[in-house]
Amino acid sequence: MNIISVKNLSKDFGQERVLKSVSRDFEKGKIHGIVGNNGSGKTVLMKCICGFLIPTEGEVIVNGKRVGKDVDFPPGLGLIIETPGFLPNMTGVKNLEILASLNKKIGLEGIAAAIRRVGLDPLMKKPVGKYSLGMRQRLGIAQAIMENPSLLILDEPLNGLDKHGVAEMRQLIKELKEQGKTILLASHNQGDIDELCDTVCEMDAGVMTIIREESI
């Protein structure tokens, strides 16, 4: 069963076409890797799937609903795209509290559990502005998973993490898949792709090529 269907998707910025008729179905319950250099179109594709960008042509269907027509933002979706933006003078818990208040799905207990799950301390009083890059990245992952979404879109989620942090977050991503979640994962790190992904696509100058259709 496909959770995401991308059909003939193109996106223009001015005169430049950054996505060129991309079509791809993403099956439920798998980790789908997307590789490509900066400027290849992978982040733009992810933003179109989330509804953050409106495609110039084509359509995106998530869980049977057309993004931008039936829904503005697909329900049951957690994401981390580019550098997570947090309020620097507030703690991690307070930042996630503000975000959680939008959907009112979880309370403090759920927030604290997500923070612990990514290896941070929910009782830490340090404001996010004083976090290291790796800590901010962990908080971004906590934000993505805290409402227990069925679909995750993770754009370079392991950026800024040390070797130990990468191993921990890879394990977390595997656990999320075991829980039946579907994950779209963009990474520059071949190790992430080889270890985690069931299918792999490459984006290059707005064109998608399928590299691998199933697990090694």
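Looking at region 95-117, which of its residues are open to solvent by 70 Å² or more (accessible area, probe 1.4 Å) and modelled with pLDDT of 95 or more?
R116, R117
Under 6 Å by Cβ, and 6 or more places apart or on different chains, what pairs join a residue from region 139-166 that is more than 17 Å from I106 (Cα to Cα) and among the β-branched types (V, I, T) with one that is in a loop (DSSP other than H, G, I, E, B) and open to solvent by less than 30 Å² (accessible area, probe 1.4 Å)?
Pairs that qualify, where the first residue is more than 17 Å from I106 (Cα to Cα) and among the β-branched types (V, I, T) and the partner is in a loop (DSSP other than H, G, I, E, B) and open to solvent by less than 30 Å² (accessible area, probe 1.4 Å), are V166/L158.
Name every residue in region 160-192 that is in a helix (DSSP H, G or I) and of a type in the set (D, E), in order of residue number.
As a first pass, look at region 160-192 and keep what is in a helix (DSSP H, G or I): 163-178, 190-192.
Correct list: E168, E175, E178, D192.
Can you run down the residue pairs with Cβ atoms below 8 Å, 6 or more apart or on separate chains, where the first is in region 104-120 and farther than 21 Å from L158 by Cα and the partner is open to solvent by 50 Å² or more (accessible area, probe 1.4 Å) and part of a helix (DSSP H, G or I)?
Final answer for the pair search is L108/E97.
With the requirement that a residue be without any contact (Cβ under 8 Å) to a residue 40 or more places away in the chain and in a helix (DSSP H, G or I), what does region 193-216 give you?
Of everything in region 193-216, those that are without any contact (Cβ under 8 Å) to a residue 40 or more places away in the chain and in a helix (DSSP H, G or I) turn out to be D194, E195.
Only one of these conditions is not met by I49: (1) out of contact with any strand residue (DSSP E or B) (no Cβ under 7 Å at 6 or more places or on another chain); (2) crowded, with 19+ Cβ neighbours inside 10 Å; (3) not polar (S, T, N, Q). Which number is it?
I49 satisfies all of (1) out of contact with any strand residue (DSSP E or B) (no Cβ under 7 Å at 6 or more places or on another chain); (2) crowded, with 19+ Cβ neighbours inside 10 Å; (3) not polar (S, T, N, Q) except (1).
Scanning for something under 28 Å from K130 (Cα atoms) and either over 19 Å from the mean Cα position of the chain (by Cα) or open to solvent by 70 Å² or more (accessible area, probe 1.4 Å) (or both), does region 25-32 turn up at least one residue? Explain how you work it out, then say what you get.
The first filter runs over region 25-32 and keeps only residues under 28 Å from K130 (Cα atoms), leaving none.
Looking through region 25-32, none of the residues is under 28 Å from K130 (Cα atoms) and either over 19 Å from the mean Cα position of the chain (by Cα) or open to solvent by 70 Å² or more (accessible area, probe 1.4 Å) (or both).
If L120 meets every condition in (1) within 21 Å of I183 (Cα to Cα); (2) at pLDDT 95 or above; (3) surrounded by 12 or more Cβ atoms within 10 Å (Cβ to Cβ) apart from one, which number is that one?
(1)
Condition (residue is closer than 14 Å to I81 by Cα, touching a Pro at 6+ places or on another chain (Cβ under 6 Å), of a type in the set (A, V, I, L, M, F, W, C) and not in a loop (DSSP other than H, G, I, E, B)) applied to region 40-53: is it met by at least one residue? Break it down stepwise before answering.
The initial filter retains those residues of region 40-53 that are closer than 14 Å to I81 by Cα, namely 41-53.
Cutting the leftovers down to touching a Pro at 6+ places or on another chain (Cβ under 6 Å) gives us 48.
Next, from what is left, pick out any that are of a type in the set (A, V, I, L, M, F, W, C): 48.
Adding the requirement that they be not in a loop (DSSP other than H, G, I, E, B) leaves 48.
The answer is yes; a qualifying residue exists.
One residue is enough: does region 104-115 have a residue meeting the conditions under 29 Å from N38 (Cα atoms) and within 17 Å of the chain's Cα centre (by Cα)? I'd like the intermediate steps shown before the answer.
Kept after step one, since they are under 29 Å from N38 (Cα atoms), are these residues of region 104-115: none.
Scanning region 104-115 turns up no residue that is under 29 Å from N38 (Cα atoms) and within 17 Å of the chain's Cα centre (by Cα).
Would you check which residues across region 186-200 are buried (at least 22 other Cβ atoms within 10 Å of the Cβ) and out of contact with any helix residue (DSSP H, G or I) (no Cβ under 9 Å at 6 or more places or on another chain) and list them?
C197
The values are calculated or read from the model by the stated rules, or taken from the named source; none is laboratory data. What you are looking at is a predicted structure, and each value in this text was computed from that prediction instead of being measured. Note: ideal-geometry Cβ built from the backbone for every residue, glycine included; neighbour counts use all protein chains shown. Accessible surface areas use protein heavy atoms only, side chains included; no ligands, DNA or RNA. Shrake-Rupley method; radii C 1.70, N 1.55, O 1.52, S 1.80 Å.
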